[in-house]
1. May I ask you to verify whether L34 is farther than 15 Å from T172 by Cα and touching a Ser or Thr at 6+ places or on another chain (Cβ under 8 Å)?
2. In the set L143, L177, which member is farther than 30 Å from L273 by Cβ and in a helix (DSSP H, G or I)?
3. Looking at this structure, is V56 more than 29 Å from P139 (Cα to Cα) and open to solvent by less than 10 Å² (accessible area, probe 1.4 Å)?
4. Just checking, which of M250, M271 is at pLDDT below 90 and either touching a His at 6+ places or on another chain (Cβ under 6 Å) or under 29 Å from L34 (Cα atoms) (or both)?
5. Take the conditions at pLDDT below 95, crowded, with 23+ Cβ neighbours inside 10 Å and outside any helix (DSSP H, G or I) and apply them to L84. Does it pass?
6. May I ask you to list the residues in the stretch 245-275 that are surrounded by fewer than 23 Cβ atoms within 10 Å (Cβ to Cβ), in a helix (DSSP H, G or I) and among the hydrophobic types (A, V, I, L, M, F, W, C)?
7. Pairs under 8 Å by beta carbon, first residue on the phi < 0 side of the Ramachandran plot and small (G, A, S) in the stretch 97-126, partner open to solvent by less than 30 Å² (accessible area, probe 1.4 Å) and modelled with pLDDT of 85 or more, six or more apart or different chains?
Amino acid sequence: MTRRDSALAALVALIWGLNFLVIDAGMEGVPPLLFLAVRFVVVLVPAVFLLPRPDVPWRTLAAVGALMSLGQFGFLYVALAAGLPPGLAALVLQAQVVFTIVIAAVALRERPRPTQVVGVAVAVAGLVVVSVGRGGAVPLVALLLCLLGALSWGAGNVVSRAAGVPGGLSLTVWSALVVPVPALALSLLVDGPDAVVAGLAAFGWQAALATLYTAGLASLVGYGIFNTLLARNRAADVVPWVLLVPVVAMTASAVLGDLPTTGEAAGGAVMVLGALVSLRAPRAVTTPGGPTPCTDRPAGPARTVRPRPVAR
């Protein structure tokens, strides 16, 4: 990744880290899946009328929307409503890094570097420490729901990477078409019509501001940048940056008085270490032709490299 792409990835981590606190505050009195439906209505309108549809099949748009938006955030919102603190949710959701790299290795044949394997393993160890050291008030079902959100996000990352769409913002907006109606239908089924009506009546300024942040910054800006980075970089190079999101979320939560437990803090520190190891650039090796980046591919006969087709 270039320095510019690295700076953009760090900006996304900041926006998404604060997003957990904003979501938790905005859902007060509003059913989680209803809040999700409203968020993606704002993502769609008016952007869907201003941006051209990305040049990918409808099934790709549907898969990205169902996995990266409906699946990830549906499980996350319900987990937060079930009692998972925002800082801890940010940590657990980063299991998506493991899911992404594993799925990409199988589906896209993108073999991670040894340092990335080590970094992911360290990050997983941090997640285990967090799970063991969580506060007694945190329900296990909330953790499992958040983990399902991480799985959905990881699968969506790989679909987005495989699509190779250069315009990440258009993919974010058009894939959101599959979110509002299913989210509203699930809210009616799970919460009931009375709860949905009461939630709409309770949708005040706090929920409105939270929706503007989650839709405008977290979805349009954050995912627009993230999908663009995935389109022009290896998934294993982009995704580890998201491991910095829990640092932002837990720091912001601590400032607001929601201090992590010792286990959560220790696990978070281990996860940061894993992120740093994963993001370490490959060493350069000196060859007769000059320094070249060290790769993980064993030496072999020279091959003709054909350029990848550019998406139109």
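1. Details: farther than 15 Å from T172 by Cα: yes; touching a Ser or Thr at 6+ places or on another chain (Cβ under 8 Å): yes.
When the stated conditions are applied, L34 passes them.
2. Values: L143 fails: farther than 30 Å from L273 by Cβ.
Of L143, L177, the one residue that is farther than 30 Å from L273 by Cβ and in a helix (DSSP H, G or I) is L177.
3. Numbers: more than 29 Å from P139 (Cα to Cα): yes; open to solvent by less than 10 Å² (accessible area, probe 1.4 Å): no.
Answer is no for this residue.
4. Numbers: M271 fails: either touching a His at 6+ places or on another chain (Cβ under 6 Å) or under 29 Å from L34 (Cα atoms) (or both).
That would be M250, the only listed residue that is at pLDDT below 90 and either touching a His at 6+ places or on another chain (Cβ under 6 Å) or under 29 Å from L34 (Cα atoms) (or both).
5. Details: at pLDDT below 95: yes; crowded, with 23+ Cβ neighbours inside 10 Å: yes; outside any helix (DSSP H, G or I): yes.
Spelling it out, L84 is indeed at pLDDT below 95, crowded, with 23+ Cβ neighbours inside 10 Å and outside any helix (DSSP H, G or I).
6. V247, V248, A252, A254, V255, A265, A266, A269, V270, V272, L273
7. So the pair list comes out as A104/V158; A107/V158.
Let's see how each residue does on (1) surrounded by 15 or more Cβ atoms within 10 Å (Cβ to Cβ); (2) out of contact with any helix residue (DSSP H, G or I) (no Cβ under 6 Å at 6 or more places or on another chain):
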| position | (1), (2) |
| --- | --- |
| A123 | yes, no |
| A162 | yes, yes |
| V181 | no, yes |
| S219 | yes, no |
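The values are calculated or read from the model by the stated rules, or taken from the named source; none is laboratory data. Keep in mind that this is a model prediction, so the values were computed, not measured. Every residue, glycine among them, receives a Cβ derived from its backbone with ideal geometry; neighbour counts consider all protein chains shown. The area values use the complete protein model at the heavy-atom level, side chains included, leaving out ligands, DNA and RNA. Shrake-Rupley method; radii C 1.70, N 1.55, O 1.52, S 1.80 Å.
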